Amino acid sequence: MAAAWQDVVRDAAAVREAAAVAGDAALLAGVLMRTGEQPNASDVVNYAPFTLLPSAVPRALFEQAYAVQQDFNLLVDAISQNKEFLRQTLASTIKVDDFTARLFRIYMQVLEEGLAQTVFLGINRSDYMFDCGLGGTAALRQIEINTIAASFGGLTSRTADVHRLVLKVLGKTEEASHLLPNNPAKGLALGIAKAWELYGSQRAVVMFLVEEVQRNIFDQRCVENELWNRNIRVLRKRFRDVFEQGSLDASRRLYMDGQEVAVVYYREGYVPQNYDQQNWEARLLLERSRAVKCPDIATQLAGTKKVQQELSRPGTLEQLLPGHPEAIARIRATFAGLYSLDEGEEGDRIAATAIADPERFVLKPQREGGGNNLYGEELRQVLEKIKDSPERTSYILMDKIKPQPSLNYLLRAHSPLQVSECISELGIFGVYVRQGQELVLNQAAGHLLRTKAIEHADGGVAAGVAVLDTPYLV
Ligand code: ADP
Ligand code: MG
């Protein structure tokens, strides 16, 4: 599935010229990141890493990924409302994984008090790779679904313009005209705006809950500015600001320094390092409030690797989405093999299989953000060490997906121009809004293609491994 420009990949002069154009075009288009040296200042910025060339993506698999997104939205929303499923599924995990346990405790606490929140907003991104398998035809395989802080919807809204220009410079005008428009920033903002409107207070603001280190601020600004364009006020606050300035009134309306908050959009809070004691208290305050959390704590839990693994068990989807056999079939068609490492015979058996043949699997802890999974020899060693201890249950096993590599250039500021063998991961953004029991919005909101050199088993764009790309459908 090589794209139509694999002929120019080895033409050094053409590539050099195109790369110079590409860097400037990215800066002009706003495909930007702050620098590692000054991650909280916008005085000096650079382009976010991206591929020189769009990567080939099989059209049928791209369409399949879009076609299943509303089903995944429905599924995540259903899980988030199913206390018994979350309790049973995460029971073994929370015994050994402190972070998931803490999130779960907050979940229980807000349920006990009774939810003040009546409007629910989900923004997720379902990620896939194209498994080339044995038969030679590629298959769409879900890697994971991100239900909190799914990023790069902003920057990727501007990436196709850059690639369109690069293709023209390379004499591929016809191909340039086939690159698809893509605007997740608008789609995400639409969801946030809908939730804000349903919350029903003209004066209330949207609060982006942001990181201490805000290197990827421009990605967020793309969404933020779409809200300002709709005359919706946006605040950017950290957990510690919430701890210092946040309060609830008698009906649990959330106030930040006297301003009412309608929607809290988390771009932080998905890894243990985001929390100290004060930040946990701030999180609890937000979850207890009437404000629309994106996501609420139940939806964050619905995105854990353990939940993903349980979904692949026969009968689970039927239990979660009764009366939706077609959605279930579309969802299930994207699943890779997933295996529980819970204590017992089933877990013993798969652990032994993975130790004997580690290249077939990926070992995943309950963590987000890239760089946490184990592969190959390391997987074997870790599993060997924990195979007889309860610690085993904090992980899941997954079949390793093996995509067909293709050649590309990964453009990074201050890095030499060199050709790499690459593989890509396609993400589809999903947005939905529920008011009480009624789903009032359910959409696919655009896509993200990330590409990395094959020598890296793991890691996303923020982790410094993958770069932004644009799909070229073949
Ligand atoms: P995270 O929450 O850290 O992003 P992921 O499940 O997305 O966790 O895994 C991180 C990266 O590891 C992915 O972007 C992908 O490159 C690689 N990866 C994950 N699962 C698999 C798999 N089953 N086969 C091949 N690569 C995988
Ligand atoms: Mg991921």
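Quick one: the Cα spread of segment 212-284 along its three principal axes, in angstroms, biggest first?
Here the spans come out as 33, 31, 16 Å, largest first.
Between the alpha-carbon centers of segment 95-139 and segment 1-38, tell me the distance in whole angstrom.
Taking the Cα centre of segment 1-38 as reference, the centre of segment 95-139 is 35 Å away.
Say the dipole of segment 397-450 comes from +1 at the beta carbon of Lys and Arg and -1 at that of Asp and Glu; which of LEU449, LEU417, MET398 then lies farthest toward its positive end?
Of the candidates, LEU417 comes out farthest on the positive side.
Give the ranking of ARG203, ARG105 by solvent-accessible surface, highest area first, calculated with a 1.4 Å probe.
Largest to smallest exposure gives the sequence ARG203, ARG105.
Keeping all protein chains in position, work out how much accessible area HIS324 exposes to a 1.4 Å probe, and write it in Å² to the nearest 10.
Result for HIS324: roughly 70 Å² accessible.
Can you compute the radius of gyration and Dmax for the chain, using only the Cα atoms, both in Å?
Considering the chain through its Cα atoms, Rg and Dmax are 22.1, 68 Å.
State, as an integer percentage, the relative contact order of segment 372-449 based on alpha-carbon contacts under 8 Å between residues 6 or more apart.
Dividing the mean separation by the residue count of segment 372-449 yields 18 percent.
Simple spin-label model, 7 Å along Cα-to-Cβ: LEU28 to ARG233 in nm?
My value for the distance between the label points is 3.8 nm.
What percentage of all Cα-Cα pairs in segment 114-221 are separated by more than 20 Å?
Summing the P(r) tail past 20 Å for segment 114-221 gives 62 percent.
Please state the Cα pair-distance histogram of segment 17-75 with 10 angstrom bins from zero: what percent is in each bin?
19, 27, 25, 25, 4
Report Rg/Rh for segment 337-400, rounded to two decimals, where Rg is the Cα radius of gyration and Rh the Kirkwood radius.
Here the Rg-to-Rh quotient is 0.92.
Each label point is 7 Å from the Cα along the Cα-to-Cβ direction; what then is the distance between the points at ALA116 and ARG10, in nm?
According to this spin-label approximation, the distance is 6.6 nm.
Sort out the exposed loop GluC sites (Glu not before Pro) in the chain (DSSP loop, at most 15 other Cβ within 10 Å) and tell me the longest stretch that has none.
Answer from the scan: 38-211.
Under a Cβ-Cβ cut-off of 15 Å, what is the net charge of the residues other than PRO405 that fall near it, where Lys and Arg count +1 and Asp and Glu count -1?
-1
Solvent-accessible area per residue for the chain at a 1.4 Å probe radius, Å²?
41 Å²
Is any residue of segment 165-206 close enough, with backbone N under 14 Å, to a label point placed 7 angstrom from the Cα of VAL21 along the Cα-Cβ axis, and if so, which?
Only 165-177 fall inside the zone, counting backbone N under 14 Å.
Could you tell me which of rounded, prolate or oblate describes segment 80-152, using a ≥ b ≥ c as the square roots of the eigenvalues of the alpha-carbon gyration tensor, with rounded for a/c under 1.5 and, failing that, prolate when a/b is larger than b/c and oblate otherwise?
Here segment 80-152 falls in the prolate category.
Placing one identical point scatterer on every Cα of segment 1-111 and ignoring solvent, what is log10 I(q)/I(0) from the Debye formula at q = 0.17 Å⁻¹?
Rounded to two decimals, the profile gives -0.93.
Rounded to the nearest 10 Å², what accessible area does SER42 show when all protein chains are kept and the probe is 1.4 Å?
60 Å²
Placing +1 at every Lys and Arg Cβ and -1 at every Asp and Glu Cβ, with all other atoms neutral, what dipole size does segment 337-400 have around its Cα centre, in debye to the nearest 20?
The calculation lands at about 200 debye.
First select every other residue whose beta carbon is under 12 angstrom from the beta carbon of ALA48; then total the charges, Lys and Arg +1, Asp and Glu -1.
Around ALA48, the charge tally is +3.
What figure in square angstrom, to the nearest 10, would you give for the accessible area of PHE218 with a 1.4 Å probe?
Accessible surface of PHE218 is approximately 40 Å².
Straight-line reach only, C-alpha to C-alpha below 21 angstrom: list the lysines that LYS452 could link to, leaving out same-chain residues fewer than 8 apart.
Answer for LYS452, where 21 Å is the Cα cut-off: LYS364, LYS400, LYS402, listed by chain and number.
So what are the three principal axis dimensions of segment 342-474 from its Cα atoms, in whole Å, longest to shortest?
53, 45, 29
How much mean residue ellipticity at 222 nm does the chain get from its helices, if each DSSP H run of length 4 or more adds -39500 (n - 2.57) and you divide by all residues, to the nearest 500 deg cm²/dmol?
Value at 222 nm, helices only: -11500 deg cm²/dmol.
Suppose every K and R has +1 on its Cβ and every D and E has -1 on its Cβ; what is the size of the dipole of the chain about the Cα centre, in Debye to the nearest 20?
With Lys and Arg at +1 and Asp and Glu at -1, about 800 debye.
Taking the Cβ of ALA466 as the centre, find all other residues whose Cβ is under 13 Å away and add up their charges (Lys, Arg: +1; Asp, Glu: -1).
In short, -2.
Whenever you get a sec, line up LYS95, LYS305 from highest to lowest accessible area (probe 1.4 Å, protein heavy atoms).
LYS95, LYS305
The values are calculated or read from the model by the stated rules, or taken from the named source; none is laboratory data. Given the structure is predicted, the values throughout are model-derived calculations rather than measurements. Every residue, glycine as well, gets a Cβ built from its backbone with ideal geometry; the counts of neighbours run over all protein chains shown. Note: accessible area is taken over every heavy atom of the protein model, side chains too, but ligands, DNA and RNA are not part of it. Shrake-Rupley method; radii C 1.70, N 1.55, O 1.52, S 1.80 Å.
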